[in-house]
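I have placed the structure first, in the form of structure tokens, so that the comments after it can refer back to it.
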Amino acid sequence: MSDLLTRPVDGREPLQASFSDAANPLGLDGIEFIEYATAKPQALGQVLEMMGFKPVARHRSREVLLYRQGALNIVVNAHDAKGAAHTNDVPSISAIALRVRDARAAFNFVLERGAWAVPTHAEVMELNIPAVHGAGGSRIYFVDRYREFSIYDVDFIPIPTVEQRPAATAGIHFFGVVQYIGPERSNDWIEFYRELFGIALIPDEQRFGIMPKGTLLRTSSVTPGQGFMLQLVEPEVNVLDADERLQRIGLGVPDVLAAVAALRKLGVEFVETQAAHTESRGAISKTYLGSVVFELVQSEPS
């Protein structure tokens, strides 16, 4: 996790001079990929294909598959960090890869401010992508190869005859991530993201979609329109599930009703209850495989 969440100020590492500007200290430029860990990659792949994603590449040496639509990349990982098969049948969001100006500099910057490094073990012909611990054992990767030459050119082999840049369904684009946190932990996580990543709080009166509960934060971005949201949600009073984790992905669409109609044709079912139902502001899918949920939010693509 981070010194910020466990150690007092006087017990942290001394800070070094920032290599970037104050508003965007890491040179953040959006999300490169979201990774799911699962013991049932085929089942998760079927859910992703219903959501409009297409499998486009396989990892060179591991049971890892890359799915894509538009500018969205989702990695399905059926192996754990030691190369053994995952045993958890319920998929989980295991990592977020952040695009940054300089991956090594960004990594050093957050370590100096209390982040905990994740040991990496790159195989032959694989990139060593630096990472730190995030919520619930997840990882936060730092990627600086995403323009002309990307990480996929090294670690993945394209699937033959498959379109490598499939169009986004109904204008789907990345909007944000919902993170479940422990009781009264909002201030801890706000400070974690503010100090390490320069992420700013959004005023309470600004709400998006149909699931407005929680605290909202927004990242800066080198490229206009590539910032994203984080939503921190504490458990309800007397709720026993207080595990901290990355819970679901938020997808922006210019027209929610049109997107819901398009995804329903692909087989996606949406929650339609009095408490949460499809409307022009947003919609939320049913839960698949015990944990996989997608939230649609009205948002124009960049």
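Only the coordinates and a few stated rules stand behind these numbers; no lab work does. On a predicted model such as this, the values are computed, not experimentally measured, just so you know. So basically every Cβ, Gly included, is an ideal-geometry build from the backbone, and we count neighbours across all protein chains shown.
What the table below lists for this structure:
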quantity: Cα-projected label distance for THR223 with ALA71, points at 7 Å along beta-carbon direction, nm; calculated: 0.5 nm
quantity: Antiparallel bridges, percent of DSSP beta bridges restricted to segment 144-302 (to nearest 5); calculated: 65 percent
quantity: For segment 275-280, 3J(HN,Hα) per residue [Karplus equation, 6.51 cos²θ - 1.76 cosθ + 1.60, θ = phi - 60°, Hz, x = Gly/Pro]; calculated: 6, 9, 8, 5, 8, 5
quantity: Percent of Cα-Cα distances greater than 24 Å, calculated over segment 98-250; calculated: 43 percent
quantity: Candidates GLU163, GLU236, GLU35, ranked by Gaussian network fluctuation over the chain, Cα under 10 Å, top entry; calculated: GLU236
quantity: Additional length obtainable on full extension of the chain from ASP153 to GLN274, 0.36 nm per residue less Cα span; calculated: 38.9 nm
quantity: Sequence-separation-based contact order of segment 107-255, relative, with Cα cut under 8 Å and 6+ spacing, percent; calculated: 28 percent
quantity: Sites THR161 and ALA261, calculated FRET efficiency, Cβ-Cβ separation with R0 22 Å, nearest 0.05; calculated: 0.15
quantity: HN-Hα J in Hz across segment 155-166 - Karplus 6.51, -1.76, 1.60, θ = phi - 60°, x for Gly and Pro; calculated: 8, 10, 10, x, 6, x, 6, 9, 4, 7, 10, x
quantity: VAL56, VAL110 arranged by Cβ crowding within 10 Å, fewest neighbours leading; calculated: VAL56, VAL110
quantity: Sorted largest first, extent of the chain alpha carbons per principal axis (Å); calculated: 55, 48, 39
quantity: Antiparallel bridge percentage (DSSP; both residues within the chain; nearest 5); calculated: 70 percent
quantity: Principal axes of segment 170-298: Cα extent on each, largest first, Å; calculated: 43, 41, 27
quantity: 5 angstrom amide H check on ILE159, placed H, neighbours 5+ away; calculated: ALA57, ARG58
quantity: For the chain, size of Cβ-based charge dipole, Lys and Arg +1, Asp and Glu -1, in debye; calculated: 640 debye
quantity: Choice from ARG101, ARG248, ARG264 with maximal GNM fluctuation in the chain (Cα, 10 Å cutoff); calculated: ARG264
quantity: Count of lysine pairs in the chain with Cα separation under 28 Å (8 or more residues apart, or interchain); calculated: 9
quantity: Gain on full stretching of the segment that runs from LEU201 to ARG62 - 0.36 nm per residue minus C-alpha separation; calculated: 46.2 nm
quantity: Stretch gain in nm, segment ALA242-GLN46, where the contour uses 0.36 nm per residue and the Cα spacing is subtracted; calculated: 67.6 nm
quantity: Most mobile of ASP188, ASP153, ASP21 in a GNM of the chain (Cα contacts under 10 Å); calculated: ASP21
